[in-house]
1. May I ask you to rank Asp62, Asp111, Asp73 by accessible area, largest first, using a 1.4 Å probe over the protein chains only?
2. Between Arg30 and Gln82, what's the calculated FRET efficiency when r is the beta-carbon distance and R0 is 30 Å? Round to 0.05.
3. Can you tell me the dipole magnitude for the range 28-85 around its Cα centre, using point charges on the Cβ only (Lys, Arg +1; Asp, Glu -1), in Debye to the nearest 20?
4. For the chain, modelled as a Gaussian network with Cα springs under 10 Å, which listed residue fluctuates most, Gln13, Gln82, Gln39?
5. Roughly how many debye, to the nearest 20, is the charge dipole of the chain about its Cα centre, given +1 on each Lys and Arg Cβ, -1 on each Asp and Glu Cβ, and no other charges?
6. Any idea what % of Cα-Cα pairs in the range 48-108 are farther than 13 Å?
7. Please work out the C-alpha center-to-center distance from the range 82-123 to the range 23-66 and express it in whole Å.
8. What figure, in Å² to the nearest 10, do you get for the accessible area of Thr91 with a 1.4 Å probe and non-protein molecules left out?
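The values are calculated or read from the model by the stated rules, or taken from the named source; none is laboratory data. In this text, all values refer to a predicted model and were calculated from it rather than measured experimentally. Here Cβ is always computed from backbone atoms with ideal geometry, including for glycine, and neighbour counts include all displayed protein chains. Areas reflect the complete protein model, heavy atoms only, side chains present, ligands, DNA and RNA absent. Shrake-Rupley method; radii C 1.70, N 1.55, O 1.52, S 1.80 Å.
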Amino acid sequence: QVQLVESGGGSVQAGGSLRLSCAASGRTNRVYAMGWFRQAPGKEREFVAVVNWSIGSARYADFAEGRFTISRDHAENTVYLQMNGLKPEDTGIYYCNAHKKPTLSENFSRDYWGQGTQVTVSS
């Protein structure tokens, strides 16, 4: 099992920045990639970004490209999501996730999920 704990959410004004963190513990040696999904009120959960744990290659949703950066720290077993230029439509709960399947595709069920952290962007 892998446990994921998110932190770093909060409230900011449009144009501001936040950095989310996701600390992983447990059998992390089997993890291929970690990433983030988000869920806005009344909407389905959607893919944000994913990073390969070993070599650091990443993929982003179109709305995240150029504004968000995903990175990982092996020593801390942590994945980060730096979010700049935040917009009100970025508001939602952000969920960290991890998976063992060797792909960076967004279209499959992840193996492990965190509890989520709230991000609120006001206009």
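1. Result, largest first: Asp62, Asp111, Asp73.
2. It comes out at approximately 0.70.
3. 100 debye
4. Looking only at Gln13, Gln82, Gln39, the biggest GNM fluctuation is shown by Gln13.
5. 280 debye
6. I get 64 percent for the Cα pairs in the range 48-108 exceeding 13 Å.
7. One Cα centre to the other: 6 Å.
8. Approximately 30 Å² for this residue.
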